């Protein structure tokens, strides 16, 4: 139980650091003076002390939605695969529950965007709905094929099974599922080929457009929700597609787990530096590639067993 | 480990089908050949087949580095069009590629009983043969057509290495020389195309 609680606390604490780390690596590679790795904490603490202003047009939804954006994501943290083999985990929660909770959070974020009655909010919400609708089929296919390889539909149980018995006979379909899941990780978190989290240019923004009217404490909640969403996807990627080192000394394997999270963040940063942002109407092509790989993973597993 | 490299082989080929830039296409081709070369090295180590190791090394040097570099040099010198958009819309390829894969996987089923090694490799190499054909079909520019031709050769090499446990080395060297000749011919073709385009 202690490792279970510790992992969750570490993931919550590390979430802002991971996003700052991505920014730091990017600035370093662009020959800028990198920001501090604790910049995420500084931003949140600054936002909490600021005054919270709510638009006159806004209804009660603006007051409750930030909490409902954050809380499903916090709930998901309890259902993730364990970081060490001796730890407690919730075995019966399947992938549909986790995707459903993440989608619930996205739903309230979209409502929040619509509620402020500015034209930017509606624009951002419609784009977010467009992208998350395209992510769905690839997500389900990918998770199905991973569950097939792990012989279990529960996500945490699948992580444990994969660590116990690595599917070395199914490396090809495992690789395809990994590629597909990584594209989904980028699309769901609004990183560069899909959405640029750093600009406020009306042509490109998706996530920023929805939260343009949110200030102070509420903005701090939304920002931490974004970082926790990244940590959820990164830890899913780490435990489903890099399932090794769980049998070490528990504290050592938790440390290894953190290192894996940083490795995923490093990969995302490298991709962000090397690619340009896609036009919004080219995003379906990228997600189409994810669907092709997910489908390929399933049929390679079924037909060839490779 | 062999499955992993076969996975990379197919993955790079599929990504090449969606590419719209020439240099990226060359990069994917290079990675494709690199996975093939490493595969030949691993299989050669398993079978203790010296000839297969040699052909793996030649693949790494010629196909993974030499040919992409040479094609890049040519396209720079002849200032070829670097934007290559596929004729088949991406929405259609998303349906087409899985259809081809399913079709070829079942197509290879009867053949695979005759192979003494792992039957999956036959299915994957036949499907990559078809995907390279698609790569040749979906472009009108000559440069991606050449890449399609070269990937088809890669697929045949994969079929030869995995299905027969290594072709005779003489055949493989012959194929390499053919390939080099093909590149020389391609050079002439490219020059010719440039002149025709220049006249028009």
Query raised in the report: Out of curiosity, is residue B:25 touching a helix residue (DSSP H, G or I) at 6+ places or on another chain (Cβ under 9 Å), free of Cβ contacts under 8 Å to residues at least 40 places away in the same chain, surrounded by 14 or more Cβ atoms within 10 Å (Cβ to Cβ) and within 25 Å of residue A:176 (Cβ to Cβ)?
Result: no
Report summary line: Going through the stretch A:257-286 in order, the residues found to be within 14 Å of chain B (Cβ to nearest Cβ) and either surrounded by 17 or more Cβ atoms within 10 Å (Cβ to Cβ) or part of a helix (DSSP H, G or I) (or both) are A:271, A:274, A:281, A:282, A:283, A:284, A:285, A:286
Report task. Working only within the stretch A:287-306, note down all residues that are under 27 Å from residue A:197 (Cα atoms) and more than 9 Å from chain B (Cβ to nearest Cβ). Result -> A:287, A:290, A:294
Query - Test set (1) within 10 Å of another protein chain (Cβ to nearest Cβ); (2) assigned to a loop (DSSP other than H, G, I, E, B) - residue A:203 fails condition number - result: (1)
Query raised in the report: Mind checking which residues of the stretch B:9-27 are within 14 Å of chain A (Cβ to nearest Cβ), assigned to a helix (DSSP H, G or I) and over 21 Å from residue B:162 (Cβ atoms)?
Result: B:15, B:17, B:18, B:23, B:24, B:27
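A quick yes/no check of all residues on (1) under 30 Å from residue B:91 (Cβ atoms); (2) free of Cβ contacts under 8 Å to residues at least 60 places away in the same chain; (3) away from chain A (no Cβ under 14 Å); (4) in contact with a helix residue (DSSP H, G or I) (Cβ under 7 Å, 6 or more places away or on another chain):
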residue: B:7; (1), (2), (3), (4): yes, yes, no, yes
residue: B:35; (1), (2), (3), (4): yes, yes, no, yes
residue: B:42; (1), (2), (3), (4): no, yes, no, yes
residue: B:49; (1), (2), (3), (4): no, no, yes, no
residue: B:56; (1), (2), (3), (4): no, yes, yes, yes
Report summary line: Within the stretch B:104-128, residues more than 10 Å from chain A (Cβ to nearest Cβ), surrounded by fewer than 18 Cβ atoms within 10 Å (Cβ to Cβ), part of a helix (DSSP H, G or I) and touching a helix residue (DSSP H, G or I) at 6+ places or on another chain (Cβ under 9 Å) come out as B:107, B:111
Report task. Kindly indicate which of A:171, A:148 is assigned to a helix (DSSP H, G or I), within 25 Å of residue B:120 (Cα to Cα), more than 14 Å from chain B (Cβ to nearest Cβ) and more than 18 Å from the chain's Cα centre (by Cα). Result -> A:148
Report summary line: Across the stretch B:129-148, the tally of residues that are more than 13 Å from chain A (Cβ to nearest Cβ) and under 12 Å from the mean Cα position of the chain (by Cα) stands at 11
Query raised in the report: Looking only at the stretch B:140-152, which residues are free of Cβ contacts under 8 Å to residues at least 40 places away in the same chain and surrounded by 20 or more Cβ atoms within 10 Å (Cβ to Cβ)?
Result: B:148
**Report entry** Total residues in the stretch B:76-101, condition modelled with pLDDT of 85 or more and assigned to a helix (DSSP H, G or I)
**Finding:** 13
Query raised in the report: crowded, with 21+ Cβ neighbours inside 10 Å, within 22 Å of residue A:224 (Cβ to Cβ) and modelled with pLDDT under 90, is that true of residue A:116?
Result: yes
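The values are calculated or read from the model by the stated rules, or taken from the named source; none is laboratory data. Not measured: the values here are computed from a predicted model. Ideal geometry is used to build each Cβ from the backbone, glycine not excepted, and the neighbour counts take in all protein chains shown.
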